[in-house]
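These notes concern the structure reproduced below.
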Ligand SMILES: Cc1ncc(COP(=O)(O)O)c(C=O)c1O
């Protein structure tokens with residue numbers, strides 16, 4: 001018998017058993033609904049702890065994932081080239097200046113290893129430091145500069161640490177996570193002017209598109225000018241595609257080539273790339289996504305005020321709230337099936353909450369004043 005696509009699909013169970021599969025695989029027991037519910041939060045949980053954006057992926061992205069699913073049998077080279085070209089065009093750089101990765105995490109880890117092999121990394125005391133820690137676990141040395149008293153990134157302190165010498169990379173996250181605060185552009189540019197003649201400045205702009213003025217906050221223009229700057233971006237935040245794992249860096253051709261030698265996954269999967277290509281210029285969706293984030297953020301800020309608390313000024317999809325005890329607030333929220341972050345190390349007086357579905361943010365907003373009253377009693 002000649003095996004056509006139809007007869008192949010129809011072979012089903014008997015063929016599965018004949019092929020030596022276990023009965024559960026042969027019978028194909030997982031229903032599509034149960035596969036889908038394997039991802040995302042369990043029923044009833046308000047997931048506000050991880051800076052995801054449940055208003056994505058864009059409808060255009062979801063359509064593209066479905067339409068390209070069959071092409072998952074192929075490696076993703078052409079999609080990779082297409083998205084690289086789109087990103088290069090938007091930012092006015094050459095495709096060789098763009099590196100795509102499995103989320104920006106892969107790229108940031110690669111940078112930590114590559115630059116860590118050349119010298120020390122200077123970074124703030126509190127920022128999204130998973131990737132620097134990844135480097136440290138492999139022998140990279142990092143100098144952490146405490147935040148200023150207003151919780152901003154201490155750029156003068158970072159410059160002083162850079163001036164100590166032996167530094168290969170200065171790493172800033174703008175806006176910063178978990179504080180949500182923007183690093184003032186003029187000051188960051190002044191730091192770039194000091195650092196980049198000899199050393200690389202890395203700016204993780206994961207939340208750039210959610211800021212009030214993304215163009216004013218980005219340092220991509222310094223990449224275009226040829227300064228030694230790496231800017232990292234992601235599809236995980238405004239695009240609402242955290243689980244699709246697509247991120248990218250913009251930098252010089254030389255830096256891009258070095259980063260690429262440290263990547264482990266060769267740049268992407270069909271579904272993630274299809275979604276990213278479809279949504280990249282979907283400005284209708286992006287406007288809506290940002291509006292939902294802003295609405296959720298305002299709801300959080302209103303609850304903070306009602307609870308008699310204060311929060312740092314956020315331009316992201318999360319808010320860092322000053323509380324009596326971050327771990328106690330996290331535990332009390334968990335009792336109500338609301339997931340938020342607990343203390344980050346020594347920062348026990350700050351609690352980070354992300355914007356999620358509006359109804360979930362509303363549950364947080366209703367619970368916060370109650371919980372704070374109980375903690376104060
Ligand atoms: C500042 C920052 N950079 C990078 C990432 C990693 O994002 P991804 O690997 O999903 O692109 C995160 C995730 O929360 C983040 O907060």
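Residues checked against (1) more than 20 Å from residue 176 (Cβ to Cβ); (2) in a helix (DSSP H, G or I); (3) at pLDDT 95 or above; (4) not assigned by TED's automatic domain parsing to the domain that holds residue 238:
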| residue | (1), (2), (3), (4) |
| --- | --- |
| 297 | no, yes, yes, yes |
| 301 | no, yes, yes, yes |
| 304 | no, yes, yes, yes |
| 314 | no, no, yes, yes |
| 319 | no, no, yes, yes |
| 330 | yes, yes, yes, yes |
| 334 | yes, yes, yes, yes |
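Each residue in segment 291-308 was checked for being surrounded by 18 or more Cβ atoms within 10 Å (Cβ to Cβ) and over 17 Å from residue 360 (Cα atoms), and 1 pass.
When each of 172, 153, 203, 143 is tested for being away from the ligand (no atom under 11 Å from the Cβ) and buried (at least 19 other Cβ atoms within 10 Å of the Cβ), the lone residue that passes is 153. With respect to being over 24 Å from residue 117 (Cα atoms), away from the ligand (no atom under 16 Å from the Cβ), within 18 Å of the chain's Cα centre (by Cα) and not in a strand (DSSP E or B), residue 286 fits the description. Taking the condition within 22 Å of the chain's Cα centre (by Cα) and modelled with pLDDT of 95 or more, does residue 103 pass? It is true that residue 103 is within 22 Å of the chain's Cα centre (by Cα) and modelled with pLDDT of 95 or more. In this structure, residue 110 does not qualify as without any contact (Cβ under 8 Å) to a residue 12 or more places away in the chain, touching a helix residue (DSSP H, G or I) at 6+ places or on another chain (Cβ under 9 Å) and assigned to a helix (DSSP H, G or I). Annotation: of all residues in segment 206-246 being within 23 Å of residue 170 (Cα to Cα) and out of contact with any helix residue (DSSP H, G or I) (no Cβ under 8 Å at 6 or more places or on another chain), the one that is nearest to the ligand (Cβ to nearest atom) is 207. Does any residue of segment 145-159 turn out to be within 16 Å of the chain's Cα centre (by Cα) and part of a helix (DSSP H, G or I)? Taking every residue of segment 145-159 in turn, none turns out to be within 16 Å of the chain's Cα centre (by Cα) and part of a helix (DSSP H, G or I).
Return a yes/no flag: does segment 253-265 have any residue that is in a loop (DSSP other than H, G, I, E, B), over 24 Å from residue 169 (Cα atoms) and either out of contact with any helix residue (DSSP H, G or I) (no Cβ under 8 Å at 6 or more places or on another chain) or assigned by TED's automatic domain parsing to the domain that holds residue 177 (or both). Checking segment 253-265: not a single residue is in a loop (DSSP other than H, G, I, E, B), over 24 Å from residue 169 (Cα atoms) and either out of contact with any helix residue (DSSP H, G or I) (no Cβ under 8 Å at 6 or more places or on another chain) or assigned by TED's automatic domain parsing to the domain that holds residue 177 (or both).
The values are calculated or read from the model by the stated rules, or taken from the named source; none is laboratory data. All values derive from a computational prediction rather than experimental measurement. Cβ sites come from the backbone with ideal geometry, for glycine too, and all protein chains shown count toward neighbours.
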